[in-house]
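Chemist: Here it is, the structure, as structure tokens.
The values are calculated or read from the model by the stated rules, or taken from the named source; none is laboratory data. Remember, predicted model here, so these are calculated numbers, not experimental data. Note that each Cβ is placed from the backbone with ideal geometry, even for glycine, and that neighbours are counted across all protein chains shown.
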Amino acid sequence: MRSKKDYMEQHKVKEMVERIGIVCDKDGMPPLAGRMVGFFMLAEPPHKTFDELAEFLQASKSAISTTLRFLEGQGMVEYITFPGDRKRYFRLSVDSWDKVVMGKMDFLKMMHARVSEALQARSNDYPEFNMGLKAMMCLYEIFLEGLPKMIDLWQKKVQDLKDEQ
């Protein structure tokens with residue numbers, strides 16, 4: 001039987017997982033994926049089995065499987081194994097967030113190209129709207145130029161953190 005303290009700790013974790021999930025949801029991530037990211041952030045040890053995920057998140061095996069594939073495809077989750085243990089253990093890919101962010105570059109490049117095509121196809125009858133599309137293209141250009149520089153800065157900061165240990 002769980003103690004009141006254990007229950008309260010579990011309740012706090014579930015609340016925090018939900019808050020992280022809401023943030024991820026606002027970024028366009030499916031709700032269960034956001035909750036899974038939150039759970040992985042708080043999980044100790046930081047790796048969990050498929051069954052542990054299903055139990056904590058109160059989701060079907062199908063939903064867990066689909067969500068894990070989605071997060072693995074995004075580069076956010078990976079699995080590990082241990083010698084003598086046939087199970088897979090899933091965890092956040094904490095060393096690959098730069099790859100996750102840089103993965104957004106493909107989207108930015110595609111949107112920039114599509115907006116450019118749209119501008120070329122549009123008439124000049126709506127100059128204010130066309131100016132908005134041009135401004136959108138400028139923002140994409142700034143992101144495309146600046147994101148690699150920010151990733152370099154981040155990598156330097158991470159190295160500084162490692163050097164401090």
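Chemist: Any idea which of (1) touching a residue at least 12 places away in the same chain (Cβ under 8 Å); (2) under 23 Å from ASP85 (Cα atoms) is the one LYS61 doesn't satisfy?
Modeler: Only one criterion is unmet by LYS61, namely (1).
Chemist: Let me ask something else about it. For LEU147, all conditions in the list (1) among the hydrophobic types (A, V, I, L, M, F, W, C); (2) more than 29 Å from ALA33 (Cα to Cα); (3) touching a residue at least 24 places away in the same chain (Cβ under 8 Å) hold save one; what is the number of the exception?
Modeler: For LEU147, the failing item is (2).
Chemist: Are any residues in region 36-45 in a loop (DSSP other than H, G, I, E, B) and surrounded by 11 or more Cβ atoms within 10 Å (Cβ to Cβ), and if so, which ones?
Modeler: ALA43
Chemist: Would you please name the residue that is surrounded by the fewest Cβ atoms within 10 Å (Cβ to Cβ), looking only at residues in region 3-19 that are of a type in the set (A, V, I, L, M) and at pLDDT below 90?
Modeler: Result: MET8.
Chemist: Here's a check for you: in region 20-35, which residue that is loosely packed, with under 13 Cβ neighbours inside 10 Å and of a type in the set (D, E, K, R) is modelled with the lowest pLDDT?
Modeler: ASP27
Chemist: Tally up the residues in region 107-153 that are more than 28 Å from TRP97 (Cα to Cα) and not aromatic (Phe, Trp, Tyr), please.
Modeler: Of the residues in that region, 18 qualify.
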